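Below is one structure, written out as structure tokens; comments come after it.
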Amino acid sequence: MNGPRIAEVKLERDCSIDKFYIGYNRYSRGDIVLVETEHGKEVGFVLDTFDLKERKRYRRVLKKLGEKEIEKYKKKKRKEIEDFPKVKKIIEDAELDMKLIKVNYTFDNKKLFIYYTSEGRVDFRELLKVLAKEFKKRIQMVQIGVRDEAKIMGGIGVCGRVLCCNSFLRKFESIVVDFIKIQNLSANVEKLMGVCGRLMCCLYYEVEMYKELLKGIPSIGEEIETPEGRGKVIEIRPFMNEVRVKFENDTYKVFSFDEVRR
């Protein structure tokens, strides 16, 4: 018999991905499940399952949602849609500098999460009183950044696929302008911005491979020795092991990495 297993689950509340213990129960990708979190019982979507290898305490997947529970979940989603403009109006009346992103009820209907963005800190103590009185729930305000906003809201990237942050990314990596240069991409930074207004997360995926391929290779703009004399590197083709060189007489030629030296 196979051993106990864990499942990777994307939480419906904020699209974060975490591991949960499932023991010997069987779950499939796409199953809608109820999981145990620090905030109570929450809905999530199974992404994958794995053998349990680490001796570590995990919170549990409680069960797969049945028909009645799926109806309850759908009702919850409808209520969130209905209550969004109500929360937005309360925030506007309070004249607070914050943008409402999402409202989300826990599955047990005991707690209401309110996600928002703001350029600074917001004193929402009075707002909490109004919200608690209106909705008769425990209220938790969650300030998020623009990348988290994109993750929660979802969307389609310029590649035509669902946003990485909304579908499979476990965490955000630091993306810097140097990644563009290393991968010899367009110098037009605007074209490499994601829907969040930050550099696209996919710039991180291949950068380590490029760094490895380019070890010991001359940089663009560097003068090198070639079989036909000295010239300046104007293009690097790492997957073809080639560099394109410009000579003083304005001629160009391509050489393999092995043919050139610094």
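The values are calculated or read from the model by the stated rules, or taken from the named source; none is laboratory data. Source: prediction; values computed, not measured. Backbone-built Cβ (ideal geometry, glycine too); neighbour counts: all protein chains shown.
See the values below:
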{"quantity": "Residues of the stretch 49-72 satisfying the condition of being under 18 Å from R26 (Cα atoms), of a type outside the set (G, A, S) and in a loop (DSSP other than H, G, I, E, B)", "calculated": "L52, K53, Y58, R59, L65"}
{"quantity": "Positions within the stretch 178-193 being within 23 Å of E212 (Cβ to Cβ) and surrounded by 12 or more Cβ atoms within 10 Å (Cβ to Cβ), in sequence order", "calculated": "F179, I180, K181, I182, Q183, N184, L185, L192"}
{"quantity": "Candidate set from the stretch 49-62 (those that are out of contact with any Ser or Thr (no Cβ under 9 Å at 6 or more places or on another chain) and surrounded by 14 or more Cβ atoms within 10 Å (Cβ to Cβ)); member that is farthest from C15 (Cα to Cα)", "calculated": "L52"}
{"quantity": "Condition met for R121 (within 24 Å of the chain's Cα centre (by Cα) and of a type in the set (D, E, K, R))", "calculated": "yes"}
{"quantity": "L203 touching a helix residue (DSSP H, G or I) at 6+ places or on another chain (Cβ under 8 Å), hydrophobic (A, V, I, L, M, F, W, C), part of a helix (DSSP H, G or I) and within 28 Å of L47 (Cβ to Cβ)", "calculated": "yes"}
{"quantity": "Residue within the stretch 137-152 that is charged (D, E, K, R), over 24 Å from the mean Cα position of the chain (by Cα) and not assigned by TED's automatic domain parsing to the domain that holds L47 present", "calculated": "yes"}
{"quantity": "Candidate set: the stretch 203-262, residues that are among the acidic types (D, E) and touching a residue at least 40 places away in the same chain (Cβ under 8 Å); chosen: the one nearest to L163 (Cα to Cα)", "calculated": "E235"}
{"quantity": "Single residue of D48, D83, D18 found to be closer than 29 Å to L100 by Cα and within 20 Å of the chain's Cα centre (by Cα)", "calculated": "D18"}
{"quantity": "Cβ pairs under 8 Å, 6+ apart, first in the stretch 124-139 and more than 14 Å from K110 (Cα to Cα), second of a type in the set (G, A, S) and surrounded by 14 or more Cβ atoms within 10 Å (Cβ to Cβ)", "calculated": "F124/A94; E126/A94; L127/A94; V130/A94"}
{"quantity": "Sole exception among (1) hydrophobic (A, V, I, L, M, F, W, C); (2) part of a strand (DSSP E or B); (3) buried (at least 16 other Cβ atoms within 10 Å of the Cβ) for C196, by number", "calculated": "(2)"}
{"quantity": "Checklist (1) farther than 28 Å from F20 by Cα; (2) in contact (Cβ under 8 Å) with a residue 40 or more places away in the chain applied to K111, failing item", "calculated": "(1)"}
{"quantity": "Residues (over 14 Å from N184 (Cα atoms) and in a loop (DSSP other than H, G, I, E, B)) located in the stretch 214-240", "calculated": "K215, G216, E222, P227, E228"}
{"quantity": "Hey, E69 among the acidic types (D, E) and either surrounded by 12 or more Cβ atoms within 10 Å (Cβ to Cβ) or under 30 Å from L47 (Cβ atoms) (or both) or not", "calculated": "yes"}
{"quantity": "Condition met for S174 (more than 25 Å from L11 (Cα to Cα) and of a type in the set (G, A, S))", "calculated": "no"}
